[in-house]
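Engineer: Got a structure for you, questions after.
What follows draws every value from the coordinates through simple rules; no lab data is involved. Since the structure is predicted, the reported quantities are computational estimates derived from the model, not experimental observations. Here the Cβ is made from the backbone with ideal geometry for all residues, glycine too, and neighbour counts use every protein chain on show.
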Amino acid sequence: MTVAPRTGRRSLRGPLGLLAAAALTAGALVGVDASAAENPYQRGPEPTVQSLEAAAGPFAVESAPVQAGAGFAGGTVYYPADTGEGTFGGLAVSPGFLEVQAAISWLGPRLASHGFVVVTIDTLSPFDQPAARADQLLATLDWLTTASPVKDRVDANRLGVLGHSMGGGASLAAAKKRPSLLATVPLAPWNTVKDWAAESVPSLIVGAENDTIAGVTQHAEPFYESLGGEKAYLELRGADHFVVTAATPTVGKFTVAWLKRWIDSDTRYDRFLCPAPAPDAVISEFRETCPLG
């Protein structure tokens with residue numbers, strides 16, 4: 001395996017409730033931050049705006065190539081080098097129509113550096129539609145948790161999916177198909193399916209104001225309005241369809257905050273999501289159900 005440069009409702013979802021009581025012992029509290037003692041999935045130091053917008057988080061990252069043959073066309077797995085904080089949540093990321101993993105590769109080291117094991121994939125065909133990409137995202141998570149060389153670093157109960165364009169539409173479809181997932185982040189998503197009322201996995205949809213391929217009024221906005229679970233909608237001012245294929249501080253900050261909140265049940269990230277940030281030079285709109293805190 002090769003070492004990659006460091007890049008930079010009141011009710012919690014997931015398995016936290018089952019283990020919190022065990023963690024709340026006198027021994028666990030000795031010399032340990034109280035919030036960490038209450039949450040066995042908390043990873044990393046106290047987050048700040050600066051740390052979330054930086055090119056890399058607190059964990060050094062390693063990576064390894066993934067061969068085809070497990071239901072997707074291969075890719076790259078990125079993971080924290082640190083093995084002292086226990087297991088991490090797992091993520092699968094799909095590119096869009098005609099794209100290869102390079103289009104979304106920045107998300108691998110960025111998310112891994114904040115304490116996730118991440119697989120960025122190539123799809124079986126660049127022409128694959130969202131339904132096929134959804135199956136491949138789920139196959140990736142299955143491989144990651146059962147057959148990958150880093151499976152022992154991954155908590156199989158704390159998983160999520162992301163994707164760009166058709167890959168973003170695929171992440172919604174994957175979450176609908178597997179409601180045990182804890183989070184999804186569709187980036188400039190495209191899908192012919194508009195009603196996602198049956199999709200209840202916490203979803204952060206990122207839209208681009210000037211997207212002419214997956215226009216927000218035809219895709220991101222109706223997706224958000226129809227979603228059945230906790231949700232947020234971030235729209236990037238003046239941006240086009242491909243803004244999310246390169247690292248940006250805003251996309252990085254909110255993606256990390258959303259995934260840390262729902263996959264790690266880490267309430268330290270609530271303040272970055274709720275109340276909604278006001279529109280500014282970068283954000284044209286932010287909506288959310290805001291059940292946090």
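Engineer: Relative to the compact globular guide of 2.2 N^0.38 Å, what is the alpha carbon radius of gyration of the stretch 42-183, as a ratio? Let's see the in-between values first.
Structural biologist: Details: Rg = 14.1 Å, N = 142, 2.2 N^0.38 = 14.5 Å.
Cα-based Rg divided by the globular estimate yields 0.98.
Engineer: Ordered by packing density, taken as the mean number of other Cβ atoms within 10 Å over each peptide's residues, highest first, how do 109-120, 261-272 rank? The partial results should precede the final answer.
Structural biologist: Values: 109-120: 27.2, 261-272: 21.3.
Descending packing order for the listed peptides: 109-120, 261-272.
Engineer: Still on this model: Taking only the alpha-carbon positions of the chain and ignoring solvent, what does the Debye formula give for the base-10 log of I(q)/I(0) at q = 0.10, 0.12 Å⁻¹?
Structural biologist: Here log10 of I(q) over I(0) equals -0.47, -0.68.
Engineer: If you stretched the chain out fully between Lys194 and Cys274, how much longer would it get, using 0.36 nm times the residue separation minus the C-alpha to C-alpha distance?
Structural biologist: Working: separation 80, 0.36 × 80 = 28.80 nm, distance 2.60 nm.
So the extension gain works out to 26.2 nm.
Engineer: Further, regarding this structure: Cα-based count: Lys pairs in the stretch 59-288 below 23 Å, eight or more positions apart or different chains?
Structural biologist: Total qualifying Lys-Lys pairs in the stretch 59-288 comes to 11.
Engineer: I would also like to ask the following. What is the gain in length, in nm to one decimal, between Gln67 and Asp240 on full extension, counting 0.36 nm per residue of separation less the C-alpha to C-alpha distance?
Structural biologist: Separation in residues times 0.36 nm, less the Cα-Cα distance, equals 59.1 nm.
Engineer: Quick one: which residues, 5+ away or cross-chain, put their amide H under 5 Å from the amide H of Val66? H built at 1.01 Å from N.
Structural biologist: Gly75, Thr76, Val77
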